[in-house]
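Working notes, beginning with the structure itself.
The values are calculated or read from the model by the stated rules, or taken from the named source; none is laboratory data. Since we're looking at a predicted model, the values are computed, not measured. Methodologically, a virtual Cβ is constructed for each residue, glycine included, from the backbone with ideal geometry; neighbour enumeration extends over all protein chains shown. Side chains are part of the model used for accessible areas, which takes the heavy atoms of the whole protein and leaves out ligands, DNA and RNA. Shrake-Rupley method; radii C 1.70, N 1.55, O 1.52, S 1.80 Å.
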Amino acid sequence: MPTDTDSNTIKIGSLFSKSGVTAFIEKTLSNAVSLAVSEVNASGGIGGRHLALEEADPKGELKVFESETHRLLESGVSTFFGCYLSSTRKVTLPIIAQHQKLLFYPTFYEGFEFSPNCIYSGAVPNQNMFWLADYLLDSYEKKYLLVGSNYVFPYETNRVMRDLVANRGGDVVDEIYIPLNPSPEEIARVIEKIKAALPIVVFSTLVGQGAVSFYKAYHEAGIDPKTSPIASLITGEAEVEQIGARASAGHVTAAPYFSSIETPQNLKFVAHYRDRYGKESPICAAAEAAYLQVHLFAEAAKRAGAVDRESILRVLPTFSFEAPQGVVRVSRENHHTHLWPKVAIVDANGEFRIVRESFEPVPPDPYLKGFDPGNSQNDEKSF
């Protein structure tokens, strides 16, 4: 039984924005955490103690992330689940580390980070971007334009993508950054540059409402995704719901999870999620990661008989969990997660049709120690 026996509950914190430019995505992550907590509690909790989830709304603002993290710490939260943007992780994690607590971070990100106070359950470049680059260069034009939101993840991601494209015989003709919440005029200027370069593949690291507006403008401009698709690591089910099926169809995404996966574990997860949040509720890769990491934490706490950071970190790499995407586990070496890369294209109904995927979970390589920019060196199957 967990050793901090002062109460009959174990208090955990959720740090996802319910307002701001990424709120429609972060809501799905918050929902997934809440669902997982309810499942853990329904199965008896941890050593007979239930998880008590305390939620915050950081509003997408860095200062509010800081203040809400302090508030949750003062309320007795032992473990945090949260953050979507890398910028929010980078302001939150030092505070959590100062108090020797643990953050479970669910979002795919740019890599090149390790913290003894963080578990990373989203994809790093060798688990999504490498797969996307291979598929794009096999299937489309060799000419690329990179467009991103103006913060750390797009810059670092595009730095790697440039190498991947160049070493596969492609050419990046332009790299453009616009504000996180761009104006229609700023998006229109990007569209004009794309139209002047057609046919071309657009690699987008735009996030939130900016990404939604960009896809809609791309469609309205009449650009054909069959020859000039938008490729992204970000645009998942939550974005497609906002963009609409017509403007999303034909575009490409790489991720470890899509809600269209037809396995018993995923069908069960999707059914539980939509029974709770509505039959049309979108479920994206980061939401699945948020869900699985609560179960990883709960299982580690049960095995350790404690919920302190050191006990969780000691036990967490010793077991696997059957997540909706497949069997996953956490690496002791770097605190990242073994995941199942997939590439999918949005169909006319707004569903992701998987066109390439891994035969087995791919170990995380956040520092790209085994980086060969010209060869993904992964076993895969294509459709």
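Scanning the stretch 192-218 for residues that are touching a helix residue (DSSP H, G or I) at 6+ places or on another chain (Cβ under 6 Å) and either surrounded by fewer than 17 Cβ atoms within 10 Å (Cβ to Cβ) or in a loop (DSSP other than H, G, I, E, B) (or both) turns up just one, L206. Counting just the residues of the stretch 302-344 that are among the basic types (K, R) and part of a helix (DSSP H, G or I), which one comes out nearest to the chain's Cα centre (by Cα)? So, considering only residues that are among the basic types (K, R) and part of a helix (DSSP H, G or I), the one nearest to the chain's Cα centre (by Cα) is R309. For I95, state whether it is open to solvent by less than 40 Å² (accessible area, probe 1.4 Å), assigned to a strand (DSSP E or B) and farther than 28 Å from S259 by Cβ. When the stated conditions are applied, I95 does not pass them. When L29 is tested against (1) within 26 Å of R303 (Cβ to Cβ); (2) surrounded by fewer than 17 Cβ atoms within 10 Å (Cβ to Cβ); (3) of a type outside the set (F, W, Y); (4) out of contact with any strand residue (DSSP E or B) (no Cβ under 7 Å at 6 or more places or on another chain), exactly one condition is not met: (2). Among the conditions (1) buried (at least 24 other Cβ atoms within 10 Å of the Cβ); (2) touching a Gly at 6+ places or on another chain (Cβ under 9 Å); (3) among the charged types (D, E, K, R), E288 misses just one, which is (2). Surrounded by fewer than 22 Cβ atoms within 10 Å (Cβ to Cβ) and either part of a strand (DSSP E or B) or in contact with a strand residue (DSSP E or B) (Cβ under 7 Å, 6 or more places away or on another chain) (or both): does that describe E299? For E299, the condition - surrounded by fewer than 22 Cβ atoms within 10 Å (Cβ to Cβ) and either part of a strand (DSSP E or B) or in contact with a strand residue (DSSP E or B) (Cβ under 7 Å, 6 or more places away or on another chain) (or both) - is met. If you filter the stretch 139-189 down to residues that are touching a residue at least 60 places away in the same chain (Cβ under 8 Å) and part of a strand (DSSP E or B), you find that the one that is farthest from the chain's Cα centre (by Cα) is V147. Scanning the stretch 263-285 for residues that are of a type outside the set (K, R), part of a helix (DSSP H, G or I) and surrounded by fewer than 12 Cβ atoms within 10 Å (Cβ to Cβ) yields P264, A271, D275.
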